[in-house]
Amino acid sequence: MLTTMSQIRFPLYCCYASSSSSASLSETKVLNGNPGGTLSARQEIRLGLPSKGRMSSDTLELLKNCQLSVKQVNPRQYVAQIPQISNLEVWFQRPKDIVRKLLSGDLDLGIVGLDTLTEFGQGSDDLIIVHEALDYGDCRLSIAIPQYGIFENINSLEELAKMPQWTEEKPLRVATGFTYLGPKFMKDNGIKHVAFSTADGALEAAPAMGIADAILDLVSSGTTLKENNLKEIEGGIVLESQAALVASRKSMIERKGVLETTHEMLERLEAHLRASGQFTVTANMRGSSAEEVAERVLSQPSLAGLQGPTVSPVFCKRDGKVSADYYAIVICVPKKALYKSIQQLRAVGGSGVLISPLTYIFDEETPRWRQLLSKLGL
Ligand SMILES: Nc1ncnc2c1ncn2[C@@H]1O[C@H](COP(=O)(O)OP(=O)(O)OP(=O)(O)O)[C@@H](O)[C@H]1O
Ligand SMILES: O=P(O)(O)OC[C@H]1O[C@H](OP(=O)(O)OP(=O)(O)O)[C@H](O)[C@@H]1O
Ligand SMILES: [Mg+2]
């Protein structure tokens, strides 16, 4: 059923259960967790993780790779521990409920997609993104229209908005699960005659079913759009999303231990994510001194490493004398630039090149931590 923009506003903290039989029931307040406002007295720190769906196993995998394995007795038990961090409880929840419970103060930290965070966080300044790029769950929230019929030659949001078909009486009908971001995006883009309808999934069917003219949904590979004869349009991307670590401002400031736990999680995540894009490369080079070898290595654009190459003499004994004719160099190289780096190493005399995976890179204090402290006014 089609609803107009003004009909699909869903309040964030509470809604009213409707009942045709009882006037008093229609005033019953239904909350998304605790009424918020004051912090509850619990001692434990709570981290919300996706209980199901495509984010759930990738989240557990990421934490495991940060040496933060989640110990869950069985998959239907919704509370678990991360033994590496004392006093931390993991609670498995649906992604939208993680955001709601961060807002209500029932969770302190959570991992969700930026799309869910933006839709259900609705701009609340209590939600602080600690790490915005956990490198999985990549997708975009995007408008799509049919490839056929009156839309055949429409390829941009501007062209869509200008179509003479949309009037006050007969607006552009958009089906979406994003009932906050959808109307906001249209309003921000000055598009007037729009009406939204909502559904829980399989939105790509709506145009062919005659329910909607366009949809606003997540796109990743684009296969679902293609299989349903839909296309994205220029200017139609509302946001780009991937998994993010989020924390409640109030918890970080007021609840004992939350800021320290956030710091530890951020450090471990950053160390793992930085390392996962790099290899360690070791090679031998003939040379007259460490400086001369370093100069040759640094003459190549892909061999600078994190802070420059480590160059160490390789000693050997010849005619009873110990000398260093060779030097071992160690650098970090982005995985994507591996082959180019090997070519450059060979070009400056490198041989015996060894490549090993990197597990963690703990650098100096991360800029994200400084940004977090400044957002908290600390
Ligand atoms: N096709 C996709 N490819 C990659 N990531 C996606 C895709 N669709 C959704 N996501 C990301 O994964 C998150 C969870 O999506 P998922 O479909 O698993 O759960 P949901 O949509 O919240 O629940 P459900 O589909 O069961 O109602 C989304 O919020 C988004 O960040
Ligand atoms: O671009 P693609 O790689 O094809 O992915 C996009 C699809 O993935 C999500 O659906 P999901 O699988 O979660 O099903 P749902 O509609 O039931 O939520 C999203 O809502 C799209 O329908
Ligand atoms: Mg889904």
Among the residues of the range 82-123, write down those that are touching a residue at least 60 places away in the same chain (Cβ under 8 Å), over 12 Å from G48 (Cα atoms) and open to solvent by 30 Å² or more (accessible area, probe 1.4 Å). N87, T118, F120, Q122
Name every residue in the range 183-228 that is more than 16 Å from ligand 3 (Cβ to nearest atom), out of contact with any Pro (no Cβ under 6 Å at 6 or more places or on another chain) and in a helix (DSSP H, G or I), in order of residue number. P183, K184, F185, M186, K187, D188, A208, M209, K226
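Has the range 277-295 got at least one residue that is surrounded by fewer than 22 Cβ atoms within 10 Å (Cβ to Cβ) and among the β-branched types (V, I, T)?
First, pick out the residues of the range 277-295 that are surrounded by fewer than 22 Cβ atoms within 10 Å (Cβ to Cβ): 277-280, 282, 284, 286, 288-292, 294-295.
After this cut, where a residue has to be among the β-branched types (V, I, T) as well, the list is 280, 282.
Scanning the range 277-295, I find at least one residue that is surrounded by fewer than 22 Cβ atoms within 10 Å (Cβ to Cβ) and among the β-branched types (V, I, T), so the answer is yes.
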Check on T176, within 15 Å of ligand 3 (Cβ to nearest atom) and of a type in the set (V, I, T): yes
From the options L141, L157, L230, residue that is touching a Phe, Trp or Tyr at 6+ places or on another chain (Cβ under 7 Å) and open to solvent by less than 30 Å² (accessible area, probe 1.4 Å): L141
Can you name the residue in the range 33-81 that is in a strand (DSSP E or B), within 21 Å of A247 (Cβ to Cβ) and away from ligand 3 (no atom under 16 Å from the Cβ) and, of all such residues, is most open to solvent (accessible area, probe 1.4 Å)? Q81
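Hey, any hits in the range 256-269 for a residue that's charged (D, E, K, R), in contact with a strand residue (DSSP E or B) (Cβ under 8 Å, 6 or more places away or on another chain) and away from ligand 3 (no atom under 16 Å from the Cβ)?
Scanning the range 256-269, I find no residue that is charged (D, E, K, R), in contact with a strand residue (DSSP E or B) (Cβ under 8 Å, 6 or more places away or on another chain) and away from ligand 3 (no atom under 16 Å from the Cβ), so the answer is no.
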Tally of residues being in contact with a helix residue (DSSP H, G or I) (Cβ under 8 Å, 6 or more places away or on another chain), hydrophobic (A, V, I, L, M, F, W, C) and under 26 Å from R100 (Cβ atoms) across the range 239-288: 12
Please go through the range 307-318 and pick out each residue that is closer than 12 Å to V330 by Cα and surrounded by 12 or more Cβ atoms within 10 Å (Cβ to Cβ). G308, P309, T310, V311, S312, P313
Against the condition modelled with pLDDT under 75, farther than 24 Å from T179 by Cβ and either within 16 Å of ligand 2 (Cβ to nearest atom) or hydrophobic (A, V, I, L, M, F, W, C) (or both), how does L60 come out, does it pass? no
From the set of residues in the range 17-32 that are away from ligand 1 (no atom under 16 Å from the Cβ) and either open to solvent by less than 50 Å² (accessible area, probe 1.4 Å) or within 16 Å of S248 (Cβ to Cβ) (or both), which is modelled with the lowest pLDDT? A17
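The values are calculated or read from the model by the stated rules, or taken from the named source; none is laboratory data. Since this is a predicted model, take the numbers as computed values, not measurements. With ideal geometry, Cβ positions are generated from the backbone for all residues, glycine too; neighbour counts draw on all protein chains shown. Surface areas here come from the heavy atoms of the whole protein model, side chains and all, with no ligands, DNA or RNA. Shrake-Rupley method; radii C 1.70, N 1.55, O 1.52, S 1.80 Å.
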